[in-house]
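Dropping a structure here in structure tokens format, bear with me for questions.
The values are calculated or read from the model by the stated rules, or taken from the named source; none is laboratory data. Nothing here was measured: the structure is a model prediction, and the numbers come from that model. Note: areas computed on protein heavy atoms with side chains; ligands, DNA, RNA excluded. Shrake-Rupley method; radii C 1.70, N 1.55, O 1.52, S 1.80 Å.
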Amino acid sequence: MEMEFESRYEINRTVEFIISKSFTRIALQFPDELLKESTKVVRALKSKLKEMNAENGRDVRFFVMADTTYGSCCVDEVGALHIDSQCVVHYGQTCLSPTSVLPAFFVFGKASINVASCVKHLLDYMSKSNKPVLILYGLEYAHVIPSIQEELGLSKPESQLKFSVANVLCSFISPSKDPRESMEHPVPSGEDSLSSSRNYRLGGLTWDLPEGSKIEDYLLFWIGSDSSAFANVVLTFNGCDVVRYDAEEDSLVTEFTQQRRILKRRYYLVEKAKDANIIGILVGTLGVAGYLHMIHHMQALISAAGKKSYILAMGRPNPAKLANFPECDVFIYISCAQTALLDSKEFMAPVITPFEANLAFSRGSEWTGAYLMHFQDVIINSSKPESEAEEEPRFSFFQGGYVEDHNTNDEAENGEEETMALVQAAEKALQLRGKDHNQLAKQTAAKSGPEYFLNRAYRGLEINSDNTTPEPFLVGRSGKASGYKHE
């Protein structure tokens, strides 16, 4: 049992990494489902460290981190920097997003799977299709990929023509001095990509396709659960045939109507965002390299489109948090690819991704079917936003006619009007009206946007009345609803 535990959490590899880098303060980041194992992992690491490095083993300190500010798939650099950590060891599901400051070592875990049954399901489905197969998988199944390759006989040249297998991108990430350097990787959007390379990277996986072939020519065989990583594959390669092998249920899933329907929903949100005037930029990560560059890119894009933007940092967004900003017509969520898609049906305003914002606020841009999840790819594939002096009206599907976007840059000279725009929109959204359409509560007008946010607070229902004398209490009905006592 002890050997199995050390193998699952890769104790030896972790200790070798710590010794090779001479780290003495290490943050161990666990997701909620693995937090119960954290104490065992720390004891195993300390024990193994003393065996392999008896002299300096006592100087190494471990810090357990949980309840991350944002998604647990990202490295929580903010929490690690609070304890002056030199590196982060990340456990569990990860998006392998590049870090900004700290190096990170990843332990993916080892999920159980029946290799023979998986290969049998794959071969049975292949008999119904004449397409070559590209094998993708969740990172927790990376340890069984060599066994699957052996079962398929991929060492033979004829088998290599039928199968392609993705490789794990890396298990260690070192931050780059220039955040944009780590963003420059090939875009996983097939032949329509601006990159001429045949190399693809998505969800911590990387693979190469033969020269002249297209990703649409392949059958994508996913090994793993219906996770956010799998949703990224379905959306990014929406023109491919996809099959998923569920290792826990030992079954093959071929119906993805719900995932395909998400694309229609996202296109609907893009059209709705075009009519927005005030946009909130939600900061969904403080650790992924290049997030500041992405925020500045969104600000420039929104400004060029003649709209106003406000940056909001609130941790993980939910309907209650975003309801505090009813003046925002739409929100742009800047985060890693695996947490970028938020189901905003319960939100007061739609939440879109940077890629969708690029489509909505870039005049003349059209959706070609390609979908980019990584905001780094959006920067690479988008042109510099330019504000045109005169633009023709555009057709709005929601207003049922042609509308003209107002350029807020022309109004920048009037500082008071620029500052009060958000306040006026918020007051209009939060007005409390009765049946006679008379305003019941009126707040003191703020002189600026920041002052408005500082003064805004919930005060309950306020009814102005000149009669302040107490009213006599009334005795209500008593008994059961099926028959009150006075009935």
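Rounded, prolate or oblate: which fits region 1-123, taking a ≥ b ≥ c as square roots of the Cα gyration tensor eigenvalues, rounded meaning a/c under 1.5, else prolate when a/b beats b/c? Intermediate results must be reported in sequence, preceding the final value.
Working: a/c = 2.07, a/b = 1.33, b/c = 1.55.
Oblate shape, in that a/c is at least 1.5 and b/c is the bigger or equal ratio.
Which cross-chain or sequence-distant (5 or more) residues have an amide H under 5 Å from the amide H of V89, H modelled 1.01 Å from N in plane?
It is A27, L28, Q29, F105, by chain and number.
Solvent-accessible area per residue for region 263-383 at a 1.4 Å probe radius, Å²?
Numbers: 4360 Å² over 121 residues.
Spelled out: the 1.4 Å probe surface of region 263-383, per residue, equals 36 Å².
Collect residues whose amide H, placed 1.01 Å from N in the peptide plane, falls under 5 Å from the amide H of A349; neighbours closer than 5 in sequence don't count.
Those lying under 5 Å, H to H, from A349: there are none.
Residue separation times 0.36 nm, minus the C-alpha to C-alpha distance between A313 and E51: what's the value? Spell out each step's value before the answer.
Working: separation 262, 0.36 × 262 = 94.32 nm, distance 4.44 nm.
Fully extending the segment from A313 to E51 adds 89.9 nm.
Right, next: Taking Cα pairs under 8 Å and at least six residues apart, what relative contact order does region 312-352 come out at, in percent? All intermediate terms of the calculation are to be shown ahead of the outcome.
Values: 34 pairs, mean separation 18.4, N = 41.
Result for region 312-352 is 45 percent.
Here is a follow-up. Give the long-range amide H neighbours of L282: residues separated by 5 or more places, or on another chain, with amide H under 5 Å away, using H modelled in the peptide plane at 1.01 Å from N.
Residues meeting the amide H criterion: L312, I332, Y333, I334.
Of the heavy-atom accessible surface of region 1-107 (probe 1.4 angstrom), what whole percent is carbon and sulfur? Please list the in-between numbers first.
Numbers: 2540 of 5280 Å².
With neighbouring chains kept in place, the figure for region 1-107 is 48 percent.
For region 263-383, what relative contact order do you get, as a whole percent, if you take Cα pairs closer than 8 Å and at least 6 residues apart?
That works out to 32 percent.
Right, next: What are the ³J(HN,Hα) couplings of region 358-368, residue after residue, when phi is run through the Karplus curve with 6.51, -1.76, 1.60 and θ = phi - 60°? Round to Hz, x for glycine and proline.
Values, residue by residue: 5, 6, 6, 9, 9, 4, x, 7, 10, 7, 9 Hz.
Determine the relative contact order of region 1-107: mean sequence separation of Cα pairs under 8 Å and six or more apart, normalised by residue count, in whole percent. Kindly include the intermediate steps, with their values, before the conclusion.
Working: 143 pairs, mean separation 35.0, N = 107.
Once normalised by length, the contact order is 33 percent.
Using the Cα gyration tensor of region 263-383, with a ≥ b ≥ c the square roots of its eigenvalues, what is the shape: rounded (a/c below 1.5), prolate (a/b larger than b/c) or oblate (neither)? Walk me through the numbers before you get to the answer.
Working: a/c = 1.28, a/b = 1.13, b/c = 1.13.
In terms of gyration-tensor shape, rounded.
When the Karplus curve 6.51 cos²θ - 1.76 cosθ + 1.60 is applied with θ = phi - 60°, which whole-Hz ³J(HN,Hα) does each residue of region 62-75 get, with x for Gly and Pro?
Computed from phi, the couplings for region 62-75 are 10, 10, 8, 10, 8, 6, 5, 5, 10, x, 6, 6, 8, 6 Hz.
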